[in-house]
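Step one of this worksheet: look at the structure below.
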Amino acid sequence: MTAIIDYDAGNIKSVEKALLWLGEEAIITRERERILNADRIILPGVGAFGEAMGKLRSYGLEDVIRQAVSVQIPFLGICLGLQLLFQKSQESPEAEGLGLLPGEILRIPENPEIKIPHIGWNSLLFPNPGRLFCGIEENACVYFVHSYYLKAEDEGIVTASTEYGTLIHASVEKDNIFACQFHPEKSSETGLRILKNFLNINRR
């Protein structure tokens, strides 16, 4: 069973629908025990970094997330869920992120040749092996919707990257933590394969 963390950040039903399509039991919840008893956890989300961190804390979910990570439950952040795993974001300089991974979230640089927010399909390169991408070839395309991007401090955790006005760290993996800036639940067969790979990861 996979717990999808509900903190009023949107993009939840599409994740649930994709999991159900894959035959996975999924629950949308903010209840501590249901999250900690899950086989896997997904933190989706769209919206502003600072507001989202405020909601996580107001619902008491920051400590739940930290505990889940510490007991090695496979954990997947999607879009804003990826960004919240890091230390800070230019979007909300006053807000402190979860800091579970080292790095920062930066605004995509202004460029007359690209539109911001970045909305659309981009191909992926795989700078390091990643369990989410088993069976997926480089240059596979996935769907992005974002104005801010990850610059990881440790490039060794970066398992997928793309170019959109700058080099974007599109996916990371460290121990039981996985995250994607793109939306696998909206990325057709490639995205479903990524989610299936996550569902095949067991607690260490």
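The values are calculated or read from the model by the stated rules, or taken from the named source; none is laboratory data. Owing to the predicted nature of the structure, the values given are computational and were not obtained by experimental measurement. Cβ: placed from backbone, ideal geometry, glycine included. Neighbour counts: every protein chain shown. With ligands, DNA and RNA removed, areas are computed over all heavy atoms of the protein, side chains included. Shrake-Rupley method; radii C 1.70, N 1.55, O 1.52, S 1.80 Å.
Divide by every residue of the chain the summed helix terms, -39500 (n - 2.57) for each DSSP H run of at least 4, and state the resulting mean residue ellipticity at 222 nm, rounded to the nearest 500 deg cm²/dmol. Intermediate values should be presented prior to the final figure.
Details: 6 runs with 51 residues, N = 204.
Dividing the helical sum by the residues of the chain leaves -7000 deg cm²/dmol.
Viscosity 0.890 mPa s, temperature 25 °C: give me the Stokes-Einstein translational D for segment 22-133 in µm²/s, with Rh taken as the Kirkwood radius over C-alpha pairs. Intermediate values should be presented prior to the final figure.
Numbers: Rh = 15.8 Å.
It comes out at roughly 155 µm²/s.
Whenever you get a sec, compute what percent of the accessible area on the chain sits on carbon and sulfur atoms (1.4 Å probe). Don't skip to the answer; put the middle values down first.
Working: 4240 of 9050 Å².
Solvent-exposed carbon and sulfur of the chain make up 47 percent of the total.
Can you pull out the trypsin sites (Lys or Arg not before Pro) in segment 88-192 whose DSSP state is coil and whose Cβ has at most 14 other Cβ atoms within 10 Å? Before the final figure, lay out the partial values.
Values: sites: Lys88, Arg107, Lys115, Arg131, Lys151, Lys174, Lys186; in loops: Lys115.
Passing both the DSSP loop test and the Cβ count: Lys115.
What is the local net charge at Val145, summed over the other residues whose Cβ is closer than 13 Å to its Cβ (Lys, Arg +1; Asp, Glu -1)? List each step's numbers first, then the result.
Values: positive: Lys115, Lys186; negative: Glu185.
Taking every other residue near Val145 into account, the sum is +1.
Would you work out the relative contact order for segment 1-125, in percent, from Cα pairs under 8 angstrom that are 6 or more residues apart?
21 percent
Taking a probe of 1.4 Å, how large is the accessible area per residue of the chain, in Å²? Show your work: numbers first, answer last.
Details: 9050 Å² over 204 residues.
Per residue, the chain has an accessible area of 44 Å².
Treating only the Cα positions of segment 96-204 as identical point scatterers, give the base-10 log of I(q)/I(0) from the Debye formula at each q in 0.10, 0.15, 0.23 Å⁻¹.
Log10 I(q)/I(0), no solvent term: -0.27, -0.62, -1.39.
About its Cα centre, how strong a charge dipole does segment 32-73 have in debye, to the nearest 20, once Lys and Arg get +1 and Asp and Glu get -1 at the Cβ? Could you put the intermediate results ahead of the total?
Details: 6 positive and 5 negative charges, 5 e Å.
Here segment 32-73 has a charge dipole of around 20 debye.
Net charge near Met53, counting Lys/Arg +1 and Asp/Glu -1 over other residues with Cβ under 11 Å of its Cβ? Working shown, then result.
Values: positive: Lys55, Arg57, Lys88; negative: Glu51, Glu62, Glu91, Glu94, Glu96.
Once positives and negatives cancel, what remains is -2.
Who wins for biggest fluctuation among Glu173, Glu91, Glu16 in a Gaussian network model of the chain, springs between alpha carbons below 10 Å?
Maximum among the listed residues: Glu91.
Hey, what did segment 1-67 get for relative contact order, percent, Cα under 8 Å, at least 6 apart? Show your work: numbers first, answer last.
Numbers: 88 pairs, mean separation 29.1, N = 67.
About 43 percent, as a whole number.
Go ahead and run the numbers for FRET between Gln87 and Leu20, Cβ-Cβ distance against an R0 of 35 Å, rounding to 0.05.
Working: r = 34 Å, r/R0 = 0.97.
The pair Gln87/Leu20 has a calculated efficiency of 0.55.
Taking 0.36 nm per residue of sequence separation and subtracting the Cα-Cα distance, how much length would be gained by fully extending the chain between Ile119 and Gln67, in nm to one decimal?
Length gained, Ile119 through Gln67: 15.4 nm.
Give, rounded to the nearest 20 debye, the magnitude of the charge dipole that segment 34-102 has about its Cα centre when Lys and Arg contribute +1 at Cβ and Asp and Glu contribute -1 at Cβ. Show your work: numbers first, answer last.
Values: 6 positive and 7 negative charges, 40 e Å.
Here segment 34-102 has a charge dipole of around 200 debye.
Would you please classify the overall shape of segment 1-79 from the alpha carbon gyration tensor, given that a ≥ b ≥ c denote the square roots of the eigenvalues, rounded means a/c under 1.5, and beyond that prolate means a/b larger than b/c while oblate covers the rest? Please report the intermediate quantities before stating the final value.
Working: a/c = 1.92, a/b = 1.16, b/c = 1.66.
It comes out oblate by the Cα gyration axes.
Excluding residues on the same chain fewer than 8 positions from Lys151, give the lysines whose Cα lies under 19 Å from its Cα.
Reachable lysines: Lys88, Lys174.
Short version: ³J(HN,Hα) in whole Hz for each residue of segment 91-96, in order, from phi by Karplus 6.51 cos²θ - 1.76 cosθ + 1.60 (θ = phi - 60°), x for Gly and Pro, what are they?
With the stated coefficients, segment 91-96 comes to 5, 9, x, 7, 9, 9 Hz.
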